[in-house]
1. Please go through the residue pairs LYS152/LYS309; LYS238/LYS363; LYS39/LYS67; LYS39/LYS253; LYS147/LYS171 and name each one whose alpha carbons sit more than 31 Å apart in this structure.
2. Taking the 0 to 90 degree range and rounding to the nearest ten, how far is the long axis of helix 3-12 tilted relative to the main principal axis of the chain, both from C-alpha atoms?
3. At a 1.4 Å probe, what is the % contribution of carbon and sulfur to the accessible area of the chain?
4. How far, in degrees from 0 to 90, does helix 29-44 lean away from the longest principal axis of the Cα atoms of the chain, to the nearest 10?
5. Aspartates and glutamates within cross-link reach of LYS328: Cα-Cα under 19 Å, excluding same-chain residues under 8 positions apart?
6. Using a Gaussian network model of the chain whose springs link C-alpha atoms within less than 10 Å, name the residue from VAL205, VAL234, VAL194 with the highest mean-square fluctuation.
7. Could you pull out the GluC sites (Glu not before Pro) across the range 35-124 that fall in loop regions by DSSP (anything but H, G, I, E, B) with no more than 14 other Cβ atoms inside 10 Å?
8. Relative to the first principal axis of the alpha-carbon coordinates of the chain, what is the inclination of helix 225-243, with its axis defined by its Cα atoms, in degrees from 0 to 90 and to the nearest 10?
Amino acid sequence: MSRLNELLHQAGSIGRNGDGSITRVGFSREYFQALELLKEKMEELGMRTETDLVGNLHGILPGTDPKAGIIAIGSHLDTVIRGGLYDGMLGVAGAIEAAARLREEGRRLRHSLEIWGFNMEESSVLGGTFGSRCVTGKIDPDVPGYKEKLEKFGLSPEIVRSVRRDLEDYKCYLEYHIEQGGRLDASGTDIGVVSGIVSVVRYDVTARGMSNHAGTTMMDSRKDALTGMAKLIVGAEKRARELNDTLVFTVGKLSVLPGQENVIPGQAEATFEMRHMDKTMTDQLFADIKRMAEEIPDCTFEFSNSAAKYSTPCDPRLIRLIDQVCEKKNIRHMIMPSGAFHDANPMAQAGVPIGMIFVPSVKGISHQGEEYTAPHHVDLGADVLYETVLELDEKGLEQMGAAAAAIK
Ligand SMILES: [Zn+2]
């Protein structure tokens, strides 16, 4: 077993459940146990380490040229409840593997190399990507009610503010992650070069009809809100398939009022979520859904926008560079968007150029114990990450110029 696969399994033995899944949620005892393991590994490699006040792990390998700036690599150390071995941990362990190879090969980078193992990336009462939002300042700890939530973890708004970093010297942020979808696995592709992270747009949709007796109200005089909603959902799903092959549409929540078996539903509520890289695509789908809603008889619809996180593109120079590394190594790869959020999002929002590398998740399974990435893919992705770091260090991101600016 390779060094990296071994480290992954070592980390995965912490918080292991009887069914093989792993529970290492942010701030838990298991979380900090895993953090200590990785911290030790970093220190063995001569890195200066620190655990910040919100539980992020941070390590520095100083470069030879203090003016060259910093290449940052990271991902998260927490899992969901009953999660898998690879989500998050792969990126941190893969970054440590890069540091280990540098040492092994007796290389010193011009840039400083910083590795982040972020806390609580997975969704929680504190919101997703908590640790990286603290570091990048992309969090407002003063929103009403947030202080009380922080207190549950022994934190305060002051602590959150205090861990914010100056990212001025960050030349880029790289994240190595499992795909968590099935595109790479299904197409026999070994590496995904991420073009960006898709936008997530959500609406709360309410259909209103009229409640009435389920026995005495004949079919031609009903105003059934649920069948109206059902027609809209089926229509929207069909439209999403027609519009674009990477546009996704999901109704994950549906409720009916009054919710009794002998009463025709007078109201139905659902969440409509759509994701795509291109905002015009989600806008188009929503416009089509509204048009369809107007044509559904006996029902009126109301739409209220509940989330609109717009897409985060990866830096075109980094996309090209990772693509070139794959070309040079003759690796089967493709440029693809990420359907999930990552710690790279707040980094990009803070103005740091981001690049991401994906490896296949077998059958696209993630966030559960059966999450699996083949050992050779684990090593391959880390190798691409390492080569990317070497190239970046040699050329410098600024020198890579605008030639790649056209890549989408
Ligand atoms: Zn993750």
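The values are calculated or read from the model by the stated rules, or taken from the named source; none is laboratory data. Note that the structure is a prediction, hence the values are computed from the model and not measured. Note: ideal-geometry Cβ built from the backbone for every residue, glycine included; neighbour counts use all protein chains shown. The area values use the complete protein model at the heavy-atom level, side chains included, leaving out ligands, DNA and RNA. Shrake-Rupley method; radii C 1.70, N 1.55, O 1.52, S 1.80 Å.
1. On the way: LYS152/LYS309 27 Å; LYS238/LYS363 24 Å; LYS39/LYS67 26 Å; LYS39/LYS253 40 Å; LYS147/LYS171 33 Å.
As for pairs spanning more than 31 Å Cα to Cα, those are LYS39/LYS253; LYS147/LYS171.
2. 50 degrees
3. Result for the chain: 50 percent of the exposed heavy-atom area is carbon or sulfur.
4. Rounded to the nearest ten degrees, it is 30.
5. ASP190, ASP379, ASP383, GLU387, GLU391, ASP393, GLU394
6. Maximum among the listed residues: VAL234.
7. Numbers: sites: GLU36, GLU40, GLU43, GLU44, GLU50, GLU97, GLU104, GLU105, GLU114, GLU121, GLU122; in loops: GLU105, GLU121, GLU122.
Here the sparse-neighbourhood loop sites are GLU105.
8. It is inclined by approximately 40 degrees.
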